[in-house]
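The values are calculated or read from the model by the stated rules, or taken from the named source; none is laboratory data. Everything numeric here is computed off the predicted structure, so don't read it as measured data. Counting neighbours? That spans all protein chains shown, and the Cβs are built from the backbone with ideal geometry, glycine included. Heavy atoms of the whole protein, side chains included, go into the accessibility calculation; ligands, DNA and RNA do not. Shrake-Rupley method; radii C 1.70, N 1.55, O 1.52, S 1.80 Å.
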Amino acid sequence: MLRPFPEAFPREAGRAHWNCRRNLDYKIGSQSAPSFIIRSSVKRIKVRVKPQSYDVLIGAGLLRHAGREVRRVLPSKGSRVFVVTSSNVRKRWGGVLEQSLQRARLPYVVLEMNDGEPAKHLATVEQLAEQMVQAGADRKSLVVALGGGVVGDSAGFLAAIFLRGVPVVQIPTTLLAQVDASIGGKTGVNLKGGKNLVGAFHQPRTVLVDPDVLSTLDDREFRAGLFESLKCGVIRDKALFEFMVRKSPQILQRNKAALQKIITDSIRVKAQVVSADEKESDLRRILNFGHTVGHALEAATGYSHFLHGEAVALGMIAAADIASSAGICPQEVADQIKAAIQAYGPLPKVTCASDAVLSRLSADKKTVAGAVHFVLPQKIGKVKITSDIPAEIIKRAVEQIKNYA
Ligand SMILES: NC(=O)c1ccc[n+]([C@@H]2O[C@H](COP(=O)([O-])OP(=O)(O)OC[C@H]3O[C@@H](n4cnc5c(N)ncnc54)[C@H](O)[C@@H]3O)[C@@H](O)[C@H]2O)c1
Ligand SMILES: [Zn+2]
């Protein structure tokens, strides 16, 4: 659905002072809310990639200031903004973004795509590109992705290929997209033959993370995102892992301070890894902890039984079992990981046959030279990548995840 460029924008109800340094007070004025001052800390994390590094900004209420941040990264003065979102997300948060774009005097068009994994395919990208052409998009246009990972991946890919590349700003609205999908520049869509098989690396100009938008996210989606945060703790940040163990009740109740902390710390882990290794070769592979078996589970169940984060949680349980059985970590470490995952459950029961999961494992696109590579914990905060695992140990770990629910 296309929205015309607004001819003239209503004047701001109040002057917004939005500074981009760390931990500033800022004054919010919007058409829907009276002006008032909020003390809030906005964190800034730099992702150092070529050719252009970018900032991830994290702060409660940040969506209301998105217009100013988008303006800051506009390719040129006359640039137009194309917001890609879904009707579900638009209904909840589109108004806040639109008001903010209006206050920043930015001409924009809203393009809607369907939600859900089946919408993440080439035809969607083609339709969006056609709509952009009809609305007069050019090389100076900028795409804003407002939504979960499905919107982010599709809109990111659209930006990567439209006129051979226009800039994109990611505004992730699910926890999973905030701590994972929106950062790192991986964009793409699915083919009938598999997930994410067509895509491109296209780093965003900036990523705007507002934890407040998670207030409307349903519980299951929220918990699915928490598993990716736990993953960040296990692979590189012991303090984050321990915080998530200690504060699970507060986190599950979406306590604002706790949530802001785990989002920031998870993003820091992803940003560090991506900065060190932009094009998934070595270090970046540690982000796949839990994903080897996780992807196999998703594929074996037709991508409809588990949410991505849930499959990753089960994959982390399998990886912990494999690591302890293979003598890579003590049993105690595996038990800590499994207990932390259970605290953020329940997880859907594994109903598919173990053989189906095992055969998908060897078909994973991250298989290198025929060997299945596992990211395995050595201790909390440190993992190693290995393909040298006896088949019997893998089989037993996959069979055991059937016991978790
Ligand atoms: N590019 C990457 O590096 C990367 C990393 C991880 C995952 N992914 C991809 O991300 C996708 C999954 O993303 P996801 O978990 O965000 O799921 P999603 O995008 O399918 O969103 C899940 C649901 O939440 C709804 N939603 C979104 N924001 C909401 C909000 N604030 N309030 C209420 N409802 C809201 C959506 O409408 C949707 O129904 C997968 O396609 C996966 O492949 C990409
Ligand atoms: Zn993931």
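The table below gives the values:
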quantity: Accessible area per residue, Å², the chain with all protein chains present, probe 1.4 Å; calculated: 42
quantity: Global form of region 227-306, assessed from the alpha-carbon gyration tensor, a/c cut-off 1.5; calculated: oblate
quantity: Apportionment of accessible area to carbon and sulfur, region 309-405, percent (1.4 Å); calculated: 49
quantity: Principal semi-axes in Å for region 100-185 [√(5λ), Cα gyration tensor, largest first]; calculated: 19, 16, 12
quantity: Globularity index of region 280-369, i.e. its alpha-carbon radius of gyration over 2.2 N^0.38 Å; calculated: 1.08
quantity: 21 Å tail of the calculated P(r), region 35-137, as % of Cα pairs; calculated: 49
quantity: Exposure rank, largest accessible area first [ILE161, ILE328, ILE401; 1.4 Å]; calculated: ILE161, ILE328, ILE401
quantity: Region 178-315 pair-distance distribution - Cα-Cα, 10 Å bins, rounded %; calculated: 11, 40, 39, 10, 0
quantity: Dimensionless Rg over Rh [region 137-213; C-alpha; Kirkwood]; calculated: 0.97
quantity: For the chain, average projected area of the Cα convex hull in nm²; calculated: 18.4
quantity: Probe 1.4 Å - accessible area at PHE306, Å² to nearest ten; calculated: 10
quantity: Per-residue ³J(HN,Hα) for region 221-226, Karplus 6.51 cos²θ - 1.76 cosθ + 1.60, θ = phi - 60°, Hz, x for Gly and Pro; calculated: 4, 4, 5, 4, x, 4
quantity: 12 Å beta-carbon shell around ASN403, net charge (K/R +1, D/E -1); calculated: +2
quantity: The chain, dipole about Cα centre (Lys/Arg Cβ +1, Asp/Glu Cβ -1), debye to the nearest 20; calculated: 1520
quantity: Label-to-label distance, nm, for residues given as ASN114 and ASP335 (7 Å Cα→Cβ offset); calculated: 4.8
quantity: Solvent-accessible area, 1.4 Å probe, carbon plus sulfur percent, for region 171-262; calculated: 51
quantity: VAL169 long-range amide H proximity, modeled H, under 5 Å; calculated: VAL143, VAL144, ALA145, ARG205
quantity: 10 Å-binned pair-distance histogram of region 269-329 (Cα, whole percent); calculated: 24, 37, 35, 4
